[in-house]
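Step one of this worksheet: look at the structure below.
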Amino acid sequence: MSIVPDFYGRFACRAGACRHSCCRGWEIDVDEASAAFYGEIPGALGEKLRRSLHRDENGAHFVLTDTDRCPFLCEDGLCELIRTLGEDSLCDICALHPRFYEDVCDVELCGLGLSCEAACDLLLEGDGPLQLIDEESGEGMDMAGLLARLGFPFEPALLHFDGRPPSARFLTLLGETEAIDERWPEELAAVRAGLSGARLPVGERRDRMLQYLLFRQLERAEQNRLDALLDYARESTAFIAAQDALFGADPEHLRRFSEQIEYSTENVGILLGR
């Protein structure tokens with residue numbers, strides 16, 4: 001059984017129009033089947049592939065350029081491999097990103113990582129509560145329905161953002177996470193300085209965000225109590241809502257939070273107190 005958010009099938013990579021290309025600043029691991037395929041490509045492109053592929057004890061990956069770009073990212077933001085060899089030539093991580101797959105209680109949860117601006121926009125443009133779909137049966141459900149199906153006890157009110165600002169403890173833990181860039185500590189300090197303790201705006205947009213941040217971490221339910229994951233989702237939503245309230249509503253706040261936290265096992269663990 002696979003369960004996906006209702007916007008999952010509408011995802012489309014923005015390619016050259018993306019302002020935050022996943023082909024910049026991210027280490028690109030190459031699966032063994034793709035590495036073997038690249039080893040057989042003839043001509044100048046094959047030579048470039050083999051020069052760009054590095055192996056170590058963790059496997060194969062592309063060596064980024066001096067400006068932290070994939071060596072096959074063209075100046076117009078498009079991929080040289082797709083242009084030359086077609087989409088089937090992509091290694092697994094490039095073909096699948098930003099999709100994620102998690103097994104929870106014999107159910108596969110599939111979604112889109114929010115470090116991708118297109119995924120953020122799909123989540124935030126939706127109306128009403130987060131809706132999920134069982135791909136096999138076509139049955140729809142909300143987050144409460146999913147948690148009930150998985151057998152998790154929960155308090156329904158906790159699936160809705162209550163407007164409380166992020167706690168001092170959560171802000172301290174955020175400061176302990178490894179920063180993605182030099183701007184992150186500055187953004188965190190600006191939220192700390194700007195918070196007045198007043199209630200933050202609530203509504204369906206915030207509820208969708210909270211529920212999706214919880215959905216993203218349900219694979220950790222075996223190591224963490226659900227109430228800890230709900231608290232993580234609420235605090236994370238509060239931090240993003242505080243940024244919106246202080247500096248203007250902007251999907252970039254959600255996207256950067258995801259890039260900072262959700263793609264680092266260590267950073268998520270810090271926020272969960274593990």
When D29 is evaluated against the numbered criteria (1) at pLDDT 95 or above; (2) within 22 Å of the chain's Cα centre (by Cα); (3) charged (D, E, K, R), which criterion, by number, is the only one it fails? (1)
Return yes or no: is R205 part of a helix (DSSP H, G or I), of a type in the set (K, R) and surrounded by fewer than 22 Cβ atoms within 10 Å (Cβ to Cβ)? yes
Return yes when R169 is assigned by TED's automatic domain parsing to the domain that holds V104, basic (K, R) and either closer than 22 Å to L114 by Cα or in contact (Cβ under 8 Å) with a residue 40 or more places away in the chain (or both) and no when it is not. no
Go through segment 188-201 and give me each residue that's more than 12 Å from D244 (Cα to Cα) and in a loop (DSSP other than H, G, I, E, B). S196, G197, A198, R199
Which one is surrounded by the most Cβ atoms within 10 Å (Cβ to Cβ), of the residues in segment 111-122 that are over 8 Å from the mean Cα position of the chain (by Cα) and over 11 Å from R255 (Cα atoms)? G111
Being under 25 Å from R19 (Cβ atoms) and free of Cβ contacts under 8 Å to residues at least 24 places away in the same chain narrows A245, A189, A233, A179 down to just A189
Answer with yes or no whether C116 is modelled with pLDDT of 95 or more, of a type outside the set (G, A, S) and assigned by TED's automatic domain parsing to the domain that holds L254. yes
The residue that is nearest to H20 (Cα to Cα), considering only those in segment 40-82 that are free of Cβ contacts under 8 Å to residues at least 60 places away in the same chain and among the small types (G, A, S), is S52
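The values are calculated or read from the model by the stated rules, or taken from the named source; none is laboratory data. Just so we're clear, the structure is a prediction, and the values are computed from it rather than from any experiment. Cβ coordinates were reconstructed from backbone atoms using ideal geometry, including for glycine residues, and neighbour counts include every protein chain displayed.
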